[in-house]
Structure formats: C-alpha cells, structure tokens
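Down below is the structure, laid out as structure tokens.
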Amino acid sequence: MATKLYLYLMCCIQTMLGIYLFFLSKKYANVESVMSQWPFVTLVGILMIFYLSREKSENKTLKNKYKLLCSGYPIILIISGGLIFTSIPVYSYKEALQIIENQTGEKIIKTKGFKASNRFYYIYTKDKTYLVNPYDGKFYLKDG
C-alpha cells in the first residue's frame, strides 16, 4: 500500500511538471524544445495515475513492477526536472519586446501569438525583424 501511495505521489509530481511546462511555454514562447513537451509529460502522469488505480491485485509480478517503478521513476523525474529548470531563459517574450522598444525606439507590430525559433524570439517592427537571444538579452537584425 505504501508503495502504491509513493507511486501516486510520483505521478502527481510528473503531472504538475507537465502543467508547469505549459505555463513556461506560454511565458517563454516555446523557445526551448523541452517546453513544447508539456502535453506528453502531463498525459503520461495522468495515464500512470489511471493505470495504478486500475491495478487491484498484489501478486508477485505486480510487486516487482512496483519496485522497478519506485527505483526508476524518481530518477527520471529528477533528470526531467533538471532539464526543465536549466532550460528556463533569463528573458521572457514580453521582456524581449521591451528591450527592442527601449533600445531601438521602434514600435512593435502586434502579432498573433508568440514567435520563437532556433532559440531566438522573433520581434517584428514596421520595417525590420529582430532576433532576441532569451539568455543574454542581445538582439540582432534579421537579414532579408
């Protein structure tokens, strides 16, 4: 019973990581590929909770599966959490907009949704397109 509770806790932590990734992806415009994985992370956490709730018997094979899950799941969560927290940019998309407005004096063209690719934010002005590095705040004029 304690093993099952432990696994439920791990599943809940994974689901919460997925939800956290969702909010990070909104704030940082999916500039990091790990942030776009939020649906997968959340879905696996929910499916694991569902799987655990469906298991009724406590036979030896099931106990071996639980032992394997108990040892491997925390390791996977720690590695996943480390990847998530080390990939968070310093500047959000909104902060990147402010950088361009303040340093170039140009007005930003409002676009539908965020624009990010190749680890850069794309900021559009009337005549130019800027690429902003979300880690150091430096920006570059996009050619063509």
- Pairs where the first residue, in segment 64-86, is free of Cβ contacts under 8 Å to residues at least 12 places away in the same chain and the second is polar (S, T, N, Q), C-beta under 9 Å, 6+ apart: Ile76/Gln14
- Query: Of the residues in segment 1-46, how many are within 21 Å of Pro89 (Cα to Cα) and among the β-branched types (Val, Ile, Thr)?
  - Reply: 4
- Selected residue [open to solvent by less than 70 Å² (accessible area, probe 1.4 Å) and either among the β-branched types (Val, Ile, Thr) or under 13 Å from the mean Cα position of the chain (by Cα) (or both)] from Ser33, Ser53, Ser25, Ser71: Ser25
- Out of the residues in segment 74-97 that are aliphatic (A, V, I, L, M) and outside any helix (DSSP H, G or I), which is least open to solvent (accessible area, probe 1.4 Å)? Ile88
- Message: Which of the numbered conditions does Lys63 fail, given that it passes all the others? Conditions: (1) open to solvent by 50 Å² or more (accessible area, probe 1.4 Å); (2) touching a Gly at 6+ places or on another chain (Cβ under 7 Å).
- Response: (2)
- Query: What pairs can you find where one residue is in segment 28-45 and closer than 26 Å to Val132 by Cα and at pLDDT below 85, the other is open to solvent by 70 Å² or more (accessible area, probe 1.4 Å) and in a helix (DSSP H, G or I), and their Cβ atoms are less than 7 Å apart, with a gap of 6+ or different chains?
  - Reply: Val34/Leu83
- Message: Given the options Tyr124, Tyr130, Tyr135, name the one that is surrounded by fewer than 18 Cβ atoms within 10 Å (Cβ to Cβ) and assigned to a strand (DSSP E or B).
- Response: Tyr124
- Do you know which residues across segment 102-121 are out of contact with any Phe, Trp or Tyr (no Cβ under 8 Å at 6 or more places or on another chain), part of a helix (DSSP H, G or I) and open to solvent by less than 100 Å² (accessible area, probe 1.4 Å)? none
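The values are calculated or read from the model by the stated rules, or taken from the named source; none is laboratory data. Remember, it's a predicted structure, so these values are computed and weren't measured experimentally. Heads up, the Cβs are rebuilt from the backbone with ideal geometry, glycines too, and the neighbour counts pull from every protein chain shown. The area values use the complete protein model at the heavy-atom level, side chains included, leaving out ligands, DNA and RNA. Shrake-Rupley method; radii C 1.70, N 1.55, O 1.52, S 1.80 Å.
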